[in-house]
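Student: Okay, here's the structure, questions in a sec.
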Amino acid sequence: MKAVNHKRLADILQEWSKGFKVVAPLKIDDNIRFKEWKEGSEVILNENSNIPPKEIFFPQTEEMYEYSIDKENVEIKEQVPTQEEFIVFGISPCDLKSLEMLDDLFLTKGFVDPYYKAKRDAAIIVAYLCDKPCRTCFCASMGINYQEAKGADIVIFKDGEELAFAAQSPKGEQLLGQVSPLLEEKELKLPAPEEFVLKADVEGLAEKLASMFEHSYWDTAYEKCLNCGACTYLCPTCHCFDINSHNRCKQGFKTRCWDTCMFADYTLMAGGHNPRPTRKERFRNRFLHKLQYFPERYEKTACVGCGRCIKKCPVNVDITAIIAQLKEVDLNG
Amino acid sequence: MRELVDKAKTIAKELLAKGEVDLVMGWEKGTFEDKTSPLFMRKPEDVDKLVINEFCFNSLAPYLLYYKNHQGKIALFVKGCDSRGVVRLIQDEQVKRDKIYLIGVPCTGMMELNHEGQLVDAAKCRGCTHPNPVLYDIILGEEVEAKSPGERFAAVEKETGSAREEVWKAWARNYDKCIRCYACQRICPACNCRECIFVDQGQEWIERRVDETENGAYSLIRAYHIAGRCVECGECERVCPVGLPIMKLNKKIAKDIEELFGPYEAGVDLEDKSPLGHFKYDDPEEFM
């Protein structure tokens, strides 16, 4: 197995960055964000980034086109979504799985989003297998093995002081070839898998929820939720957006920005009607989307068990607890 | 604080059983031992879940805004800072004093896990001047001493004397991280406008675009809007998912207010008027 001492990781990234832009989970003050790696940047592995790597492919704010009006003429300058090949380094197995769901949304069923596709096609994925789960992790319950990374071009894991590298695609082979003088052949193995503190059982839940839209469970479950957008913005699978204008006299530009079903104006219609008028309907939508609508459309639960929402919810709304409560609801009662 | 839980449960159960209130707001154990979550109790048996400990971070005061049209009386547990939030809501006529029943919790300070996994004094409690509830109908135990009241403005003092450009550079770096989830706004007991420009974004004061300009505008509008009304509970900074030092700005404004108008702490005295909310002939007016 190809390996390098973890202290020499920067040398590998330095080598790769000569040919590619390398995006990695970097320490920025007290945050971990996927940003462009430069010499001296500190890479943090085995810990969730504050904001999931969805922001690489689906940025929170993305300009779509600029426009200007001159008498009768309207000129539109589109932001052509092109992207040179780049490396996404250090993505964890759960976040990698979330990209499959974003792919479903942005690339299938007859709709292809050019902005997302350009970045997704250009990405060479180097995944990092977690050393061990954090206490808020429950990816195993969502069918994810944190010790494998299907779909990654290269997979890395840590054994003692060494980082092991394995190519999983021709592109990965090529990239490893580039740094082969830095790598040594070593016998390395993954640590024994660890138990998770948190668990969730979604077996049969989507079907059950299909008859729970009007259930009294929702009448009180929502009560603590403040309808901020933290859970959805931090969620690697949440993908709602809104298109906004910046108008200044006769010119401006359009951006698409993350939006969230937690906000009151998300479903607010022209004329003032809001089909989700209170916190209850918004709260219910978030969980039904993850646990029922998305599975119905794409046969996947829209949760990868990264635990970011549990860690950061201001009032400790815990999706594993919600799932357990929903499982317990007696539909005949 | 844990020893107060039995008395707390007795009081809550009695209030519900006797029908004196129809809702009690408290806390229950959260995902982990060091987490709690707001609890809404309507029946005496709901009270079994109640916990009182050093992890009851959430102020329950902001929830009162959701029950403005509630017919019955609501009881809620209040630590020192939470009670100041309630006082502010009463002063702003968001809630009527006789519609709420306050169960005071003398607070010995919250504890949180640091990055190394050790339990330490919570950052939000540093410089707390009022650990005991300033307004209550019943109090659970003996009043406690404030631990570090002299450090109320510790977060701001470091910056005093720094060049303006330096200060702005640091804030710009912070605004670059903000994702505008509005957790800081939703959790704030001082944020009680009927129509908030950050809730209904169909206006053009601020755009949804996330960048230094819009994020900076958001942060500054909010800071100025709660000037003189911030009870310094630190909830905004605690819940920020990207760790922005929001309280630094709020403390700076609170300090400026003290320097301009004399000693003042929001929400401490029901009868006290906010220096920015009323007019006096000897108010400083060097900008005129």
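Student: With the requirement that a residue be part of a loop (DSSP other than H, G, I, E, B) and surrounded by fewer than 16 Cβ atoms within 10 Å (Cβ to Cβ), what does the range B:36-87 give you?
Tutor: Quick first cut of the range B:36-87, residues part of a loop (DSSP other than H, G, I, E, B) only: B:42-43, B:51-60, B:68-73, B:79.
Those that are part of a loop (DSSP other than H, G, I, E, B) and surrounded by fewer than 16 Cβ atoms within 10 Å (Cβ to Cβ): B:Arg42, B:Lys43, B:Lys68, B:Asn69, B:His70, B:Gln71, B:Gly72.
Student: Can you spot a residue in the range A:280-300 that is in contact with a helix residue (DSSP H, G or I) (Cβ under 8 Å, 6 or more places away or on another chain), of a type in the set (Ser, Thr, Tyr) and surrounded by 20 or more Cβ atoms within 10 Å (Cβ to Cβ)?
Tutor: no
Student: Is it true that B:Gln94 is in a loop (DSSP other than H, G, I, E, B), more than 14 Å from every other protein chain (Cβ to nearest Cβ) and under 23 Å from B:Asp272 (Cα atoms)? Can you show your working first?
Tutor: Details: in a loop (DSSP other than H, G, I, E, B): yes; more than 14 Å from every other protein chain (Cβ to nearest Cβ): yes; under 23 Å from B:Asp272 (Cα atoms): yes.
The answer is yes for B:Gln94.
Student: In addition: Which of the residues that make up the range B:16-35 are acidic (Asp, Glu) and either buried (at least 19 other Cβ atoms within 10 Å of the Cβ) or within 14 Å of chain A (Cβ to nearest Cβ) (or both)?
Tutor: Pass one, the range B:16-35, residues acidic (Asp, Glu): B:20, B:22, B:28, B:33-34.
Across the range B:16-35, the qualifying residues are B:Asp22, B:Glu28, B:Glu33, B:Asp34.
Student: I've got another one for you. Scan B:Val134, B:Val105, B:Val120 and give me the residue that is among the β-branched types (Val, Ile, Thr) and out of contact with any helix residue (DSSP H, G or I) (no Cβ under 7 Å at 6 or more places or on another chain). If you could, list the steps in order and put the result at the bottom.
Tutor: Working: B:Val134 fails: out of contact with any helix residue (DSSP H, G or I) (no Cβ under 7 Å at 6 or more places or on another chain); B:Val105 fails: out of contact with any helix residue (DSSP H, G or I) (no Cβ under 7 Å at 6 or more places or on another chain).
Only one candidate qualifies: B:Val120.
Student: Scan (1) farther than 23 Å from B:Arg186 by Cβ; (2) away from every other protein chain (no Cβ under 13 Å); (3) assigned to a loop (DSSP other than H, G, I, E, B) for the single condition A:Cys303 breaks and write down its number.
Tutor: (1)
Student: Output the helices (runs of 4 or more DSSP H) that fall wholly within the range A:198-294 and possess 3 or more residues being out of contact with any Gly (no Cβ under 9 Å at 6 or more places or on another chain), away from chain B (no Cβ under 14 Å) and farther than 19 Å from A:Glu55 by Cα, or say none.
Tutor: Details: elements: A:205-209, A:217-221, A:230-234, A:279-288.
Helices (runs of 4 or more DSSP H) meeting the threshold: A:205-209, A:279-288.
Student: Within the group A:Gly177, A:Gly204, A:Gly172, which residue is on the phi > 0 side of the Ramachandran plot, of a type outside the set (A, V, I, L, M) and at pLDDT 95 or above?
Tutor: On the way: A:Gly177 fails: on the phi > 0 side of the Ramachandran plot; A:Gly172 fails: on the phi > 0 side of the Ramachandran plot.
On inspection, the qualifying residue turns out to be A:Gly204.
Student: Here are the criteria: (1) within 20 Å of the chain's Cα centre (by Cα); (2) more than 18 Å from B:Leu39 (Cβ to Cβ); (3) within 13 Å of another protein chain (Cβ to nearest Cβ). Tell me which single one A:Ile323 does not satisfy.
Tutor: With respect to (1) within 20 Å of the chain's Cα centre (by Cα); (2) more than 18 Å from B:Leu39 (Cβ to Cβ); (3) within 13 Å of another protein chain (Cβ to nearest Cβ), A:Ile323 is out only on (1).
Student: Going through the range B:265-286 one residue at a time, which ones are in contact (Cβ under 8 Å) with a residue 60 or more places away in the chain and in contact with a helix residue (DSSP H, G or I) (Cβ under 7 Å, 6 or more places away or on another chain)?
Tutor: Taking the range B:265-286 and keeping what is in contact (Cβ under 8 Å) with a residue 60 or more places away in the chain, we get B:265-270, B:274.
Across the range B:265-286, the qualifying residues are B:Ala266, B:Gly267, B:Val268, B:Leu270.
Student: Can you name the residue in the range A:69-91 that is touching a residue at least 60 places away in the same chain (Cβ under 8 Å) and farther than 30 Å from A:Asp131 by Cα and, of all such residues, is surrounded by the most Cβ atoms within 10 Å (Cβ to Cβ)? Spell out the reasoning first.
Tutor: Within the range A:69-91, the first condition is being touching a residue at least 60 places away in the same chain (Cβ under 8 Å), and the residues that meet it are A:69-70, A:84-91.
Subsequent filtering for residues that are farther than 30 Å from A:Asp131 by Cα retains A:69-70, A:84.
Details: A:Ile69: 12, A:Asp70: 9, A:Glu84: 8.
Ranking the candidates gives A:Ile69 first.
Student: Conditions: (1) more than 22 Å from A:Gln325 (Cα to Cα); (2) within 14 Å of chain B (Cβ to nearest Cβ). A:Leu182 meets all but one. Number of the miss?
Tutor: Of the numbered conditions (1) more than 22 Å from A:Gln325 (Cα to Cα); (2) within 14 Å of chain B (Cβ to nearest Cβ), the odd one out for A:Leu182 is (2).
Student: Same structure again: Report those strands (runs of 3 or more DSSP E) wholly inside the range A:53-136 carrying at least 2 residues which are more than 14 Å from chain B (Cβ to nearest Cβ), under 25 Å from A:Pro25 (Cβ atoms) and modelled with pLDDT of 95 or more. Steps first, please.
Tutor: Values: elements: A:61-70, A:73-78, A:86-91, A:123-128.
Once the strands (runs of 3 or more DSSP E) in the range A:53-136 are filtered for at least 2 residues that are more than 14 Å from chain B (Cβ to nearest Cβ), under 25 Å from A:Pro25 (Cβ atoms) and modelled with pLDDT of 95 or more, what remains is A:86-91, A:123-128.
Student: Closer than 23 Å to A:Leu291 by Cβ and either within 15 Å of the chain's Cα centre (by Cα) or among the hydrophobic types (A, V, I, L, M, F, W, C) (or both): does that describe A:Leu107? Steps first, please.
Tutor: On the way: closer than 23 Å to A:Leu291 by Cβ: yes; either within 15 Å of the chain's Cα centre (by Cα) or among the hydrophobic types (A, V, I, L, M, F, W, C) (or both): yes.
Yes.
Student: Have a look at B:Lys99, B:Lys13 and point out the one that is in contact with a His (Cβ under 9 Å, 6 or more places away or on another chain), over 25 Å from B:Ala183 (Cβ atoms), more than 14 Å from chain A (Cβ to nearest Cβ) and without any contact (Cβ under 8 Å) to a residue 40 or more places away in the chain.
Tutor: Working: B:Lys13 fails: in contact with a His (Cβ under 9 Å, 6 or more places away or on another chain).
Only one candidate qualifies: B:Lys99.
Student: Within the range A:111-132, which residues are under 25 Å from A:Cys303 (Cβ atoms) and over 17 Å from the mean Cα position of the chain (by Cα)?
Tutor: Filtering the range A:111-132 for residues under 25 Å from A:Cys303 (Cβ atoms) gives A:111-113, A:115-117, A:119-120, A:123, A:125-132.
Scanning the range A:111-132 gives A:Phe111, A:Val112, A:Asp131, A:Lys132.
Student: Here's something else I'd like to know. Applying the selection to the range A:1-35, what residues are in contact with a strand residue (DSSP E or B) (Cβ under 8 Å, 6 or more places away or on another chain), within 14 Å of another protein chain (Cβ to nearest Cβ) and farther than 28 Å from A:Glu194 by Cβ?
Tutor: Hits for the range A:1-35 are A:Ile28, A:Lys35.
Student: How many residues does the range B:47-68 hold that are out of contact with any helix residue (DSSP H, G or I) (no Cβ under 8 Å at 6 or more places or on another chain), within 12 Å of another protein chain (Cβ to nearest Cβ) and not hydrophobic (A, V, I, L, M, F, W, C)?
Tutor: Residues that pass the stated criteria total 2.
Student: Which ones in the range B:174-206 are within 10 Å of chain A (Cβ to nearest Cβ) and assigned to a helix (DSSP H, G or I)?
Tutor: Across the range B:174-206, the qualifying residues are B:Asn174, B:Ala183, B:Cys184, B:Gln185, B:Arg186.
Student: Which numbered condition in (1) on the phi > 0 side of the Ramachandran plot; (2) within 18 Å of the chain's Cα centre (by Cα) is the only one that B:Gly19 fails?
Tutor: Of the numbered conditions (1) on the phi > 0 side of the Ramachandran plot; (2) within 18 Å of the chain's Cα centre (by Cα), the odd one out for B:Gly19 is (2).
The values are calculated or read from the model by the stated rules, or taken from the named source; none is laboratory data. These figures come from a predicted structure and were not determined experimentally. Quick reminder, even Gly has a Cβ in these numbers, built from the backbone with ideal geometry, and neighbours come from all protein chains shown.
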